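Comments concern the structure below.
The values are calculated or read from the model by the stated rules, or taken from the named source; none is laboratory data. As the structure is a computational prediction, the values presented were derived from the model and not from experiment. Cβ coordinates were reconstructed from backbone atoms using ideal geometry, including for glycine residues, and neighbour counts include every protein chain displayed. Calculation scope for accessible area: heavy atoms of the full protein, side chains included, ligands and nucleic acids excluded. Shrake-Rupley method; radii C 1.70, N 1.55, O 1.52, S 1.80 Å.
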Amino acid sequence: MTHDHMFSSHYRRKKICGFPESRSSCSCYRISWSSSSAKWFFGALIILSFPLIRNFRINLSSEDDEQPLHQRSVRFIPYPHKTLGSGTSLQCQWETRPAATESYLDFTQQNAYTEGVCIPPTLNETLHIFSTEEAIECLSSRLQNRDIKLMLAGDSYMMNLAIGLFDILLSKHITGDEELLESASCRVMLSSAHNELDKRRTENATLPNVHFFGSQCYGRPSLNTTCRQIVNKLGGGNSSDYVWIIGAGCHIYTRQKNRKTSPSITPERAVSATVQEINDFLDTTDRIIFVSPPFYYPDKRFNDIFVRDQAEVYRQLLPIVAPENPAHPFLDVYELTRACRWKNCSYDRAHRSRFVNRWKAQMLLNTLCDVDFQ
């Protein structure tokens, strides 16, 4: 199935039920009835044919009506979830596609197409753009009959990913889709989204349980201290339905690079120490989906050494996470952020615009969910 066919294939047009030609099938029979018998027979035949004629007309009149082809089934995938790939296999090109004529797409899907999508060729046949209803159905404890809890944690990039996910679950663009120009407004927006989802959940118990934790997994303290503590405290024991989505890279690197050592630590050693800390954390903490660092644009805020080293952190992560290591689920957002070169992709050449974060959330949903059309 091609991606262009992904949504339209959920629907089909009614087939017209035609009638066989009767002349050839009757031509070999000789009719020898009397005139009165023939009149009676054909009169009865016409009366009995009314329902068939009516149905035939209905089929003709509904020729262009679109009808559902499949019954949709949305399924949550527990740990170790689904692997989308990593590295060069996720390279993609951003594009917009007209979707206004597709009436079966909801607000979330329509906006994904018109704002921009970045679909790797390797996922062209399988990647699904989730509607709000589908995302809720996948992550709902009640609908899935599981105790599903999503815990997102980490730095400002993870905060932006969380807001992208809330946008999808709430079927709206929180606070009018204004861009997140600094961390304070980001926290206010995230709090607003949390409150809105919690309020709706009191009225509709099928809505999912989603939370964001920031400072404990920000990367400034070691992941193996405060972050591991919060995961162990709230992690749900051995439940595979508790999902932690954690991302922190640049702050770990900066902390490692600024350590007071003699001689002073080199950028290369800072990269190795960053990757080692993440690996130790994943080895000793259960059921983590680790989110890659984004691509950084060279800028006055980020010199060439910083940009080079963040790319190297990403490259050294790939052998220790899925798909190379299925025990460490991985959400790779580096390639999709590197590919976004439109003027509106980033407002500060570091953090991405709202539509990019919603696309990250779509990739996360594809990691956690399956949609089957039978």
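Observations on the model:
- The equivalent ellipsoid of the stretch 294-374 has semi-axes of 26, 19, 7 Å, largest first, where each one is the square root of 5 times an eigenvalue of the Cα gyration tensor.
- Normalised per residue, the accessible area of the stretch 151-296 is 41 Å², obtained with a 1.4 Å probe and no contribution from ligands, DNA or RNA.
- The length gained by stretching the chain between ALA184 and SER89 to full extension, at 0.36 nm per residue less their Cα-Cα distance, is 30.6 nm.
- Where THR274, THR88 fall by accessible area, highest first, once all protein chains stay in place (1.4 Å): THR88, THR274
- Of the trypsin sites (Lys or Arg not before Pro) found in the stretch 328-374, those in coil by DSSP whose Cβ has at most 11 other Cβ atoms within 10 Å are ARG341, LYS343.
- Amide proton proximity set for ALA248, modelled H, under 5 Å, gap of 5+: VAL291
- Sulfur and carbon atoms: percent of accessible area, the stretch 221-349 [1.4 Å]: 50 percent
- Lys, Arg +1 and Asp, Glu -1 on Cβ, resulting dipole of the stretch 223-278 about Cα centre, debye, nearest 20: 300 debye
- 5 angstrom amide H check on ILE148, placed H, neighbours 5+ away: SER141
- By accessible area with a 1.4 Å probe, ligands and nucleic acids excluded, highest first: order of GLU335, GLU133: GLU133, GLU335
- Vicinal HN-Hα couplings computed from phi for the stretch 290-301 (Karplus, 6.51 cos²θ - 1.76 cosθ + 1.60; Hz; Gly/Pro x): 8, 9, 5, x, x, 7, 9, 7, x, 7, 5, 7
- Positive-end ranking of GLY247, PRO329, CYS369 along the dipole of the stretch 218-374, with charges on Cβ about the Cα centre, is headed by GLY247.
- Phi-derived couplings, Karplus 6.51 cos²θ - 1.76 cosθ + 1.60 at θ = phi - 60°, listed residue by residue for the stretch 122-129: 5, 10, 4, 8, 10, 5, 10, 8 Hz, with x used for Gly and Pro.
- Cross-linked pairs LYS233/LYS360; LYS172/LYS343; LYS260/LYS300; LYS199/LYS360; LYS199/LYS300; LYS82/LYS260: Cα-Cα separations exceed 31 Å for LYS199/LYS300; LYS82/LYS260.
- Backbone HN-Hα couplings from phi across the stretch 186-193 [Karplus 6.51/-1.76/1.60, Hz, Gly and Pro as x]: 5, 5, 5, 5, 5, 4, 4, 5
- Take the Cα of ASN303, step 7 Å toward its Cβ, do the same at THR202, and the gap between the two points is 5.2 nm.
- Note on THR96: accessible area approximately 80 square angstrom, rounded to 10, probe 1.4 Å, nucleic acids and ligands left out.
- Under-5 Å amide H pairs with TYR347, H placed in peptide plane, nonlocal only: SER353
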